[in-house]
1. Compute the FRET efficiency between SER167 and SER143 as 1/(1 + (r/R0)^6), taking r as their Cβ-Cβ distance and R0 = 35 Å, and round to the nearest 0.05.
2. For region 62-144, rounded, prolate or oblate, judged on the Cα gyration tensor with a ≥ b ≥ c (square roots of eigenvalues), a/c < 1.5 rounded, else prolate if a/b > b/c?
3. Please report the accessible area of HIS113 (heavy atoms, 1.4 Å probe, ligands and nucleic acids excluded) in Å², nearest 10.
4. Exactly which trypsin sites (Lys or Arg not before Pro) in region 67-102 are in a DSSP loop and have at most 15 other Cβ atoms within 10 Å?
5. Of PRO49, LEU158, TYR76, which is farthest on the positive side of the dipole of region 34-173, counting Cα position, with +1 on Lys and Arg Cβ, -1 on Asp and Glu Cβ, and the Cα centre as origin?
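The values are calculated or read from the model by the stated rules, or taken from the named source; none is laboratory data. Keep in mind the model is a prediction, meaning the values are calculated, not measured. Quick reminder, even Gly has a Cβ in these numbers, built from the backbone with ideal geometry, and neighbours come from all protein chains shown. Surface accessibility is based on the protein's heavy atoms, side chains included, excluding ligands, DNA and RNA. Shrake-Rupley method; radii C 1.70, N 1.55, O 1.52, S 1.80 Å.
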Amino acid sequence: MVNVISQEPDRELQEKQILRRAEAMVNPFDLKTALLAKHAQHVVLIHFPIGLFLAAVAFDLIALWSKRRGLADAAYYNLLAAAISTFPVLATGLLAWHFQLEGQKLKGTLLLHLVLACVSSVLIWLVWWVHFRARRRTDFLPSYRFAVEFLAVGIVALTSHLGGFLSGVNLPG
């Protein structure tokens with residue numbers, strides 16, 4: 001005996017699920033929703049220190065190879081902006097943990113992301129301080145700064161990767 005199962009109920013179920021998802025979507029131009037979302041500010045602000053820091057490291061490398069003072073200045077000011085922007089990013093990250101994740105216990109990926117975020121911020125500030133100290137003394141920048149910069153780039157990348165998993169952007173499949 002062969003059972004024939006209709007595909008119609010499955011199709012209806014799929015259509016209902018699609019409609020529910022469409023209703024749950026938020027208008028991206030609704031300013032109130034964008035500003036009051038539980039984690040939106042962190043997700044938006046995090047791009048500033050990451051982008052500014054990576055650009056600063058690139059400017060620093062190019063300034064070394066080309067001996068152009070303007071690129072060294074660009075690296076310094078990008079580092080300064082990246083360092084300053086770590087404060088609101090850390091604050092909004094803690095708020096996102098509190099509101100979006102309802103203050104759940106810090107463990108696993110969430111804990112690692114928080115620890116690496118703090119380490120990333122300290123490393124960004126450290127790189128800026130090395131540049132600041134050299135500019136103030138009119139010394140040459142120490143060559144060890146590249147080791148610190150590359151370490152910071154790696155830690156920032158790892159922190160970002162983990163943040164993608166926490167936000168739901170980097171999901172399997």
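1. About 0.40, to the nearest 0.05.
2. prolate
3. About 40 Å², ignoring ligands and nucleic acids.
4. Those satisfying the criteria are LYS67, ARG68.
5. Positive-most Cα among the choices belongs to TYR76.
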